[in-house]
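Here's the structure we're looking at; comments come further down.
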Amino acid sequence: QGIYKYLERCFSDFKQRGFVVGYDTRGQVTSNCSSKKLAKLTAAVLLAKDVPVYFFSTYVPTPFVPYAVQQLKAVAGVMITASHNRKEDNGYKVYWENGAQITSPHDKEIIKCIEECVEPWNGSWNENLVDTSPLRQDPLKKICDCYMEDLRKICYHRELNEQTNLKFVHTSFHGVGHDYVQSAFKAFGFQPPIPVPEQKDPDPDFSTVKCPNPEEGESVLELSLRLAEKESAKVVVATDPDADRLAVAEQQENGCWKVFTGNELAALFGWWMFSCWKENCSEDADVKNVYMLATTVSSKILRAIALKEGFHFEETLPGFKWIGSRVKDLLDNGKEVLFAFEESIGFMCGTSVLDKDGVSAAVVIAEMATYLEGKNLTLAQKLIEIYETYGYHISKTSYFLCYDPPTIKRIFEKLRNFDAPQSYPKFCGIYNILHVRDITTGYDSSQPNQKSVLPVSKSSQMITFTFQNGCVATLRTSGTEPKIKYYAEMCALPEQSDRSVLEEELRKLIEALIENFLEPDKNGLIWRSA
């Protein structure tokens, strides 16, 4: 109801252009509440007010909603999903007419509108309206076809894909991904990937994984790795339950599996998307017109590649909503954006979708692996080559659970008043701090005016420390879970090639960061389970 009220105020042509509604496969048996039911209620509110609604007739990947908003020229769209959160959760994700997730001020204004109309209107509970209203259309076939057609724009080696003997295993984590990833592989000329049978169909209980988040690594990829060994498949791709994020594992020569981090995959994607651009661009194409983006807590590897290759690199606040909006601005100004990412395995290859997309990322990784196999290289070997060319970027990301908001506030307030009121720490253990940036307050000691270049975000806690030894570390709260996250990265120059020394330095610094700044024992923080 709040969304209706706000959109009616923003768009005079709201009732001509309409609204998109998508949903994933979540459902809670005890409350008889599923994503589809919540989606039907979302649609009912709008249909009852004579707004045309593009309501998908079945579950779709999250990226299909922003894609549909742009394709159908709708004013906005909603995806009912809790992505990779625990099975008890659900959520409501809003996209604006530009195809990006909403940012301020829209979010604040929608909340105001929600608070102004908390009583249900007549017709708001009529979930059957989607089955009877002439204003409801099903965009599924059109959007699927257009999406797969657009996907071919980032397919560069179709003939290799058609001939390869490389096998791939795909797990959709009991979510929406199976059919769509199969279609994407077909669009690229591949044989379909081998699905993990126990995980290919939707299951709101996520019954074969302890948590439905492929980011947790080998422990949750167990079934897909065993199947891959049985089928002699060298690469596993895993889409999270709403298929907007991607995990990748590759079998190494010693038989062990390497599960890549989001930052490592970004190094591979960044190298690949730029190489493909360079090989296929027109003679008068200007590399200075080319951009890649990452969130500020993600690896700086794209910055290193950009410096050497001559394209632009930009950072945004954490969250793909910031990336999507910035990419749209760049495109509107005639720039070319090749790739963007966030370290939590969210990737945007090309600009057909202005959000992270696990479906396109899965098939791009498959093409990359196929191409590299022809050069007798694995993904892991290519990654080392990239680091040797552009400098090692060794990173570690993890989190603590904290269910007590006052404790979280206390931890961050202590950092802002460390040795004295309104003074940030100058050391962390033995490590000297060069600069501090506090996104919550807008302070940045590295800027001449002491003000952060990135916008202030008062609603969440986030402080970044730049150390004298070249490490950058950020502490922040999660927007969707009861977590304090930490991100740390050693950025080395190409000539500093001793990886083990860099890893040891990073390990010690993270230990100091946890002990001095987070104090888990004193604050009752729960360590992430290994």
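Might you check whether a residue that is touching a Gly at 6+ places or on another chain (Cβ under 7 Å), assigned to a helix (DSSP H, G or I) and open to solvent by 50 Å² or more (accessible area, probe 1.4 Å) occurs anywhere in the range 58-74? Yes, the range 58-74 contains at least one residue that is touching a Gly at 6+ places or on another chain (Cβ under 7 Å), assigned to a helix (DSSP H, G or I) and open to solvent by 50 Å² or more (accessible area, probe 1.4 Å).
Of the residues screened, GLU503 is not one that is part of a loop (DSSP other than H, G, I, E, B) and open to solvent by 70 Å² or more (accessible area, probe 1.4 Å). Here the strands (runs of 3 or more DSSP E) wholly within the range 413-492 that include at least 2 residues being among the β-branched types (Val, Ile, Thr) and touching a residue at least 24 places away in the same chain (Cβ under 8 Å) are 431-438, 462-467, 471-477. Looking across the range 81-114 at every residue that is part of a loop (DSSP other than H, G, I, E, B) and among the aliphatic types (A, V, I, L, M), the one that is farthest from ARG326 (Cα to Cα) is identified as ALA82.
Checked against (1) of a type in the set (Ser, Thr, Tyr); (2) in contact with a Leu (Cβ under 9 Å, 6 or more places away or on another chain); (3) open to solvent by 30 Å² or more (accessible area, probe 1.4 Å), THR261 meets all criteria but (2). Looking at the range 196-235 only, could you name the residues that are open to solvent by 30 Å² or more (accessible area, probe 1.4 Å), within 20 Å of GLY346 (Cβ to Cβ) and touching a Ser or Thr at 6+ places or on another chain (Cβ under 8 Å)? Of everything in the range 196-235, just one residue is open to solvent by 30 Å² or more (accessible area, probe 1.4 Å), within 20 Å of GLY346 (Cβ to Cβ) and touching a Ser or Thr at 6+ places or on another chain (Cβ under 8 Å), namely GLU215. Looking at this structure, is ARG26 surrounded by fewer than 24 Cβ atoms within 10 Å (Cβ to Cβ) and of a type in the set (Lys, Arg)? When the stated conditions are applied, ARG26 does not pass them.
Report yes if ILE463 is under 21 Å from SER395 (Cβ atoms), assigned by the TED database to the domain that holds SER398, aliphatic (A, V, I, L, M) and touching an Asp or Glu at 6+ places or on another chain (Cβ under 7 Å), otherwise no. Against the criterion (under 21 Å from SER395 (Cβ atoms), assigned by the TED database to the domain that holds SER398, aliphatic (A, V, I, L, M) and touching an Asp or Glu at 6+ places or on another chain (Cβ under 7 Å)), ILE463 qualifies.
For VAL353, the conditions (1) farther than 15 Å from GLY99 by Cβ; (2) part of a loop (DSSP other than H, G, I, E, B); (3) out of contact with any Lys or Arg (no Cβ under 9 Å at 6 or more places or on another chain) are fulfilled apart from (1).
When the residues of the range 313-330 are filtered to those that are β-branched (Val, Ile, Thr) and outside any strand (DSSP E or B), the one that is nearest to GLU343 (Cα to Cα) is ILE323.
The values are calculated or read from the model by the stated rules, or taken from the named source; none is laboratory data. All figures in this text were calculated on a predicted structure; none of them were measured in a lab. Positions of Cβ are generated from backbone atoms using ideal geometry, with glycine treated the same way; all protein chains shown enter the neighbour counts. SASA here: full protein model, heavy atoms, side chains in, ligands and nucleic acids out. Shrake-Rupley method; radii C 1.70, N 1.55, O 1.52, S 1.80 Å.
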